[in-house]
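See below for the structure under consideration.
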Amino acid sequence: MSTLEYFEVDSTEPVGGQLYRRIASTVITDHNLLKVLERLRIFIDPAIPIFIAVGVTRTVPRTITVSDLAGVTFDEQKITLSIADETYLANLLQFLWKEYGKDHVNQPDRFTIEVQISGDAAESGIEDLAVADPSEGLYKDLIYSMQVICPEGYKVKKQNFNNGRFWFVASENTLPEDVSSLVTEQFEIMGAAS
């Protein structure tokens, strides 16, 4: 099982910090995020009140393209996709329906999709078209887990995920207009300053 390279929960109340470390550890394990998180630091100050989580993810899978899921063959009037990986089949069908129209997409069996086309469409470069972005699901999972970890009454929230780094800030009160200095400070303490 993967482990975090760096994991720290810091609080102005040491007993509360220990409790939140256990909560964070449980939530991260329950949401199966150990394999994607490399570093995580959480800071909680109930006097302000503020909750700040900053982290670095391991390498996120690249965007999934049509050629990652299927072999592609062209005919004068149709494109045939031979499905090799069903993981993103629903995404692929949604994409094809949107791109070509439902009436031009046929799935005669589980592992074959045929797309009716006209002349030049065969040279459309369908193999390289993006079907799914795994980082979107990762971002949602990370933010959801931080919402579960942060104190119950902290309803004012702001977050960001970019280039393998994320942050989540929450409070009972209005957040400072520029939370970037708070976030930068936590990244520096963690040793992952940009």
Item to check | Vicinal HN-Hα couplings computed from phi for segment 158-167 (Karplus, 6.51 cos²θ - 1.76 cosθ + 1.60; Hz; Gly/Pro x) | outcome: 8, 8, 7, 9, 7, 6, x, 10, 9, 8
Checklist entry - Whole-Hz Karplus ³J(HN,Hα) for segment 62-71, in order, using 6.51 cos²θ - 1.76 cosθ + 1.60 and θ = phi - 60°, x for Gly and Pro? => result 6, 4, 8, 9, 4, 5, 6, 9, 8, x
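Which of rounded, prolate or oblate describes segment 92-194 when judged by the alpha-carbon gyration tensor and an a/c cut-off of 1.5?
The shape class here is prolate.
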Checklist entry - Residue by residue, what Karplus-based ³J(HN,Hα) values in Hz, rounded to whole numbers, does segment 174-182 have, using 6.51, -1.76 and 1.60 with θ = phi - 60° and x for Gly and Pro? => result 4, 6, x, 4, 10, 7, 4, 5, 5
Checklist outcome for this item: For segment 64-132, the percent of accessible surface on carbon and sulfur atoms (probe 1.4 angstrom, ligands and nucleic acids excluded) is 46 percent
Checklist outcome for this item: Correct response: the longest run of the chain lacking exposed trypsin sites (Lys or Arg not before Pro), defined by DSSP loop and at most 12 other Cβ within 10 Å, is 63-109
Item to check | Interatomic Cα distance distribution for segment 64-132, bins of 10 angstrom, percent | outcome: 22, 64, 14, 0
Checklist outcome for this item: With the charge dipole of the chain built from beta-carbon charges (+1 for Lys and Arg, -1 for Asp and Glu) about the Cα centre, the Cα from A70, Q107, N163 projecting farthest to the positive end belongs to N163
Checklist entry - Any idea what the relative contact order of segment 64-132 is, in percent, if you count C-alpha pairs under 8 Å spaced at least 6 apart? => result 44 percent
Checklist outcome for this item: To the nearest 20 debye, the chain has a Cα-centred charge dipole, built from +1 on Lys and Arg Cβ and -1 on Asp and Glu Cβ, of 660 debye
Checklist entry - Which FRET efficiency value, to the nearest 0.05, is calculated for Q94 and L4 with the Förster distance at 41 angstrom and r the Cβ-Cβ distance? => result 0.75
Item to check | Size of electric dipole in segment 64-132: Cβ of Lys, Arg +1 and of Asp, Glu -1, about Cα centre, debye, nearest 20 | outcome: 260 debye
Checklist outcome for this item: Per the rule of 0.36 nm per residue minus the C-alpha distance, extending S82 to R165 adds in nm 26.3 nm
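Convex hull volume of the Cα atoms in the chain, per residue, in Å³?
158 Å³
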Checklist entry - Per residue, how many Å² of accessible area does the chain show with a 1.4 Å probe? => result 56 Å²
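The values are calculated or read from the model by the stated rules, or taken from the named source; none is laboratory data. This structure is a prediction, so every number in the text was calculated from the model and none was measured. Here the Cβ is made from the backbone with ideal geometry for all residues, glycine too, and neighbour counts use every protein chain on show. Quick note on the areas: whole protein, heavy atoms, side chains included, nothing else; ligands and nucleic acids left out. Shrake-Rupley method; radii C 1.70, N 1.55, O 1.52, S 1.80 Å.
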